[in-house]
Amino acid sequence: MTLSATCYQNSCQRVVAATVLMHFLLCAANGWAQPVDGSAYPSRPLRFVVPFPPGGSNDIIARALVGKLSEDLRQSVVVDNRGGANGIIGTDLTAKSPPDGHTFLIVGNGFAINPHVYRKLPYHAERDFAPVSLVGYGGFVLVVHPSIAARSVNELVTLAKSSPGKLTMASAGVGNMAHLSGELFMSLTGTRFVHVPYKGGGPAMTELLGGQVALYFSTVIVALPHIRAGKLRALAVTGSRRATVAPELPTIAEAGVTGYAVDGWYAMLMPAQTPPRIITRFATGLHRALQASDVKQRLATQGIDTATSTPDEVRKIIAADLVTWGKVVRDAGIQPE
């Protein structure tokens, strides 16, 4: 009986020891799988949503960043072009994705314009997204098809006034930056173009190159190769300063349209409720990618100056633009759809 009691006691001790060890291992495993600093993120491939078709400025920036992001995050990053509805389809897709940092979105000024152009968006521009960082700044350029008899802004204004309603103006969609840049131009010059909206900057540029439309307020990043190849004629840039990549081009204000200035920005967003530690981890990799000399040079040659920021700075830029572009939309008489 004594021997049996001893065996029983030893057996119990072994069971208790095994239980304690198992508990320790499970706790350690959970701790390694979910560290508080977000080092286990990401756990699978990431989706980089571009809410426009291939060929536009958002798409070009995305493809310049995707390789560096993949290296830094040690996961593949796939560009997902979800064009349509002036960026709304891809933006909504991101808003409704799980807030785990594996889906993110690149947006520009149009993100702050759509709430004023569409009566019912399927998302809220401020509540449904978590800002990550600025990506860069990029200007726009007024370009015309070579068949148009205008070699300066003044000549374009004269031509438009002599034939009101004859010149066609492409845009990447109603309320897009290209559209509102044109609306502001028409308001300040007393001209009137026929607006022809397309489903993204890529299709708009294709039609302009083919001569189906007369002019376009394009992003510099998209138009520059065609300008240099002689396929398009650049008249002026829209920004408050000349573009470093094309300093020979005057600003529209310098060309005689007093008070005209349209500057562009690009930023990265994730779904709302994405944990701050994941945003911080992703932003760290993003900032390293943006500061890489080859990325900076690649984008600079196409008119984009890379930039980084805190999430709060992005939030403030969006809030300010919601006010600014709301006024432009109202003044242009654009009715929400």
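Read-outs throughout are calculated quantities, based only on the coordinates presented, and are distinct from any laboratory measurement. Computed from a predicted structure; not experimentally measured.
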Q. In Å and whole numbers, how far do the C-alpha atoms of the range 86-189 stretch along each principal axis, longest first?
A. 55, 29, 22
Q) So which aspartates and glutamates pass the test for residue 166, namely a Cα distance under 17 Å, with those fewer than 8 places away in the same chain ruled out? A) 155, 183, 207
Q: Per DSSP H run of n ≥ 4, the term is -39500 (n - 2.57); total these for the chain, divide by its residue number, and report the mean residue ellipticity at 222 nm rounded to 500 deg cm²/dmol.
A: -14500 deg cm²/dmol
**Q.** Relative pair counts by distance (%), Cα atoms of the range 140-237, 5 Å bins
**A.** 2, 15, 28, 29, 18, 7, 0
(Q) Using alpha carbons only, how many angstrom separate the centre of the range 164-188 from the centre of the range 125-151? (A) 13
Q: Would you give the gap between the C-alpha center of the range 214-273 and the C-alpha center of the range 49-66, rounded to a whole Å?
A: 17
Q) Any idea what angle helix 153-162 forms with the longest principal axis of the chain, computed on alpha-carbon atoms, 0 to 90 degrees, nearest 10? A) 60
(Q) Output the 0 to 90 degree angle, nearest 10, between the alpha-carbon long axis of helix 276-291 and the longest principal axis computed from the alpha carbons of the chain. (A) 50
**Q.** Kirkwood Rh and Cα Rg combined as Rg/Rh, the range 62-121
**A.** 1.02
